[in-house]
1. May I ask for the net charge around B:GLU150, where only other residues with Cβ less than 11 Å from the Cβ of B:GLU150 are counted and Lys, Arg are +1 while Asp, Glu are -1?
2. So what's the range B:55-98 giving for Cα Rg divided by 2.2 N^0.38 Å, two decimals?
3. Let me check the size of the range B:184-246 from its C-alpha atoms; what are the radius of gyration and Dmax in Å?
4. Order the peptides A:266-273, A:349-356, B:235-242, A:306-313 from the highest to the lowest mean number of other Cβ atoms within 10 Å of their residues.
5. Per-residue mean of other chain beta-carbon atoms within 10 angstrom of the beta-carbon, peptide B:121-129?
6. Is it possible to state the helix-based mean residue ellipticity at 222 nm for chain A, with each DSSP H run of 4+ residues giving -39500 (n - 2.57), the sum divided by total residues, to the nearest 500 deg cm²/dmol? What is it?
7. Just check the range B:125-236 against the gyration tensor rule for me: Cα atoms, a ≥ b ≥ c as the square roots of the eigenvalues, rounded for a/c under 1.5, and otherwise prolate or oblate depending on whether a/b exceeds b/c.
8. Output the peptides B:94-101, B:209-216 sorted from most to least packed, where packing is the average of other Cβ atoms within 10 Å over each peptide's residues.
2 protein chains.
Amino acid sequence: MVKCIKCGDVDAIAKAGIVRGKQRYYCKRCDCYFSQPTHAEPEAPALHRRHQTTIMDIASALNISKSTVSRALQGHSDINANTRKAVLDMAVQLDYQPNLLALGLARSRSYTIGIIVPEFINSFFPYIIIGAQQVANPAGYHVIICQSNESLETEIANTQVLLASRVDGVIASVTGETKTLEHFSKFQKAGIPLVMFNRICEGLDVSKVLVDDHDGAYKGVTHLIQQGCRRIAHLAGPQNLQIGRERLQGYLDALRDHNLPIDEELIVYYDLSNASAQTCARRLLDLPQPPDAIFAVNDPAAIQLLLVAKSRNIRIPAELAVVGFSNEPTSALIDPALTTLAQPLDEIGKTAVQFLLQEIEQEEGPYAPMQRILKTELIIRESSLRTKARPS
Amino acid sequence: MVKCIKCGDVDAIAKAGIVRGKQRYYCKRCDCYFSQPTHAEPEAPALHRRHQTTIMDIASALNISKSTVSRALQGHSDINANTRKAVLDMAVQLDYQPNLLALGLARSRSYTIGIIVPEFINSFFPYIIIGAQQVANPAGYHVIICQSNESLETEIANTQVLLASRVDGVIASVTGETKTLEHFSKFQKAGIPLVMFNRICEGLDVSKVLVDDHDGAYKGVTHLIQQGCRRIAHLAGPQNLQIGRERLQGYLDALRDHNLPIDEELIVYYDLSNASAQTCARRLLDLPQPPDAIFAVNDPAAIQLLLVAKSRNIRIPAELAVVGFSNEPTSALIDPALTTLAQPLDEIGKTAVQFLLQEIEQEEGPYAPMQRILKTELIIRESSLRTKARPS
DNA sequence: GTAGTTTTTGTAATCGTTACCACGGTAAAA
DNA sequence: TTTTACCGTGGTAACGATTACAAAAACTAC
């Protein structure tokens, strides 16, 4: 009953094995192999379950070729005005959305940039992301946001996703765990521009956007000294991050410049988790001779510190003055309101993307990494205000 | 001086127009058109600026065909174990990353899901997003996060990007402005599953994940009544959102069930912006007969309200008790700490994606939308605790 | 009209993958 | 010994766009 697809013979047919569950035949007469055509599903009533309009749909609706449609859509000059209008109208009518996958493949450009951040629970990174989008979107790029969750493993997975998505560029802020950089240097090997912001790691020759952490820390600690504090501790961040080292150095330099002794036991390092912040806070407060002020490497740490101090009924700022870093919105709301160093968040995001776009759009030639250092602003609130002088 | 590329004749050549800046010619003898070959740039020293490894690179390195490589990489069964190993090793050696663009194009599946949220400055949506990723990533999907910024216009732009990116599905929470739904029904027309969570709009036959807003509001207001409050106001949300209506209704029902009068002037509507929250708070506090308690539709509003009350030296909760909704982390830190209704955020995200994946992976056949309503939990803190009874 | 142009439209290759089919060799079953 | 089953691999057409190039159509100017 099986007929050869060529000669139509029925007798010269022999079975020729089963491949992936499908019976195949061999016609001795024609010396050819074949299998019964896959029963092309009795034309499922044109209900392709999902089908979005393509330029081919527009083309056949108007009886023109798809290259004409393509040219009309991208506003190429050499196209008849009427044709263009017809195409544009039909595109609206059929609700055409260009297939970014196909477009990216054809142009080897995805018009997508990747953003890697450690977290976005605190509003710090969200503000930066918003700034980044404000520059990226008008320039025709959209963004993929990856959250590394302060985990190096996740961060590596993120870089792979971005690499696989063929993003045109990446801006990133590393986790507190990140010490190796191979996963980031892959971007460079693949020729994908990378800009680091805020939390950077050394050893990578890329553009960078940061705030003047040393200066900020120096200002914060100096303010504490001016408030009369003499035994100032530092709840420090991971030292693999430049941000951690710079703020520590700012703290040290401020003490030194004001002739205050440096006491190693007043410097504790935390790993960016709230639990660790609490542990470190307790360690400081449990010292035989506890500090009269603490400069925390960031606001989340300072806030945990305030909670610990409050639970011990330590009066703030009378017994303990506190300064944070970042100006999280919560810092203004907590009691007592936290003195902190504000950073120009959306400007960080904007600048990072500007650097990135510059590098993406640059034709050929080596790219000289750029760097921008933004200033912080000391916001004085209750948590550090011992003298009755009001904050101006 | 121009020679025909075929016959080599020089005399029979005529100009034949300029296409995109390039002179073309016509040979009368051969009846053929041609242009001077583009001066194939003297082979830019193989410095392709950017080139990521493809399966073709692996194939030619091993001298096998690309289909074999493809099968090896996707762990197809009918492939020789040695071949597979060789391919896998070479893939690592060449640092191969599959091109998701090409893959998505070939399979008409992007393995990407879109998430649309109004904002992610407050930690509410970030927690939901994290929950969503926890389900999506292990299932082999990655996510594109879009922020509508509480703007309908941006929301529409977001849907277009997702449509163009050919996402396999979308979970969304609408803006306070959203009243029309065409942009969302486009997903349905294109056969792209959609799940709404938290802030939904009616009129769309899709799966939904929400919390029991009515019940939550009822519990919050009942708690205020139990604390002895009798003139309870409601700082309500936009009424185009079901969430806004449900919470209002819970408030009304609680009053009614406890035989308290309903006073229209005690209900004010805000548009989800902080500025509007402050205006509404002032309006309530300026009433000739101000309320002794306020139930706010969410925590950000309650927090703004607390700020306004504090600036007027209104004692909380003695003169004014306050209850919020959402349990933002800040609510626990502010002074006085805010009584609020906690929602199982990551569960919202997880459930939404579970519904979505179910719909994506379902073969053919109509899909019956599902719905899950999660419970809230009343967290009693200082802002509402008038009686000295301690919160249990 | 017609040669000489210019404008507009069509054709086909390409991007990186997958999917389907072809086909040769060998082992097992008849 | 002759079928038939099983394996492993190669070839090629999609997928939906862009783009270089070819060709047809529409103007000019004589």
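1. With Lys, Arg at +1 and Asp, Glu at -1, the neighbours total -4.
2. 0.97
3. Spelled out, the Cα radius of gyration and Dmax of the range B:184-246 are 16.3, 54 Å.
4. Highest mean packing first, the order is A:349-356, B:235-242, A:266-273, A:306-313.
5. For peptide B:121-129, the averaged partner shielding equals 4.
6. Estimated from H runs of four or more residues: -11500 deg cm²/dmol.
7. prolate
8. Most protected by this proxy first, the peptides run B:209-216, B:94-101.
The values are calculated or read from the model by the stated rules, or taken from the named source; none is laboratory data. This one's a predicted model, so the numbers in the text were calculated from it and none came from an experiment. Because the Cβ atoms are built from the backbone with ideal geometry, glycine has one as well, and the counts that use them run over all protein chains shown. To get the accessible areas, we keep the full protein, side chains included, count just its heavy atoms, and leave off ligands, DNA and RNA. Shrake-Rupley method; radii C 1.70, N 1.55, O 1.52, S 1.80 Å.
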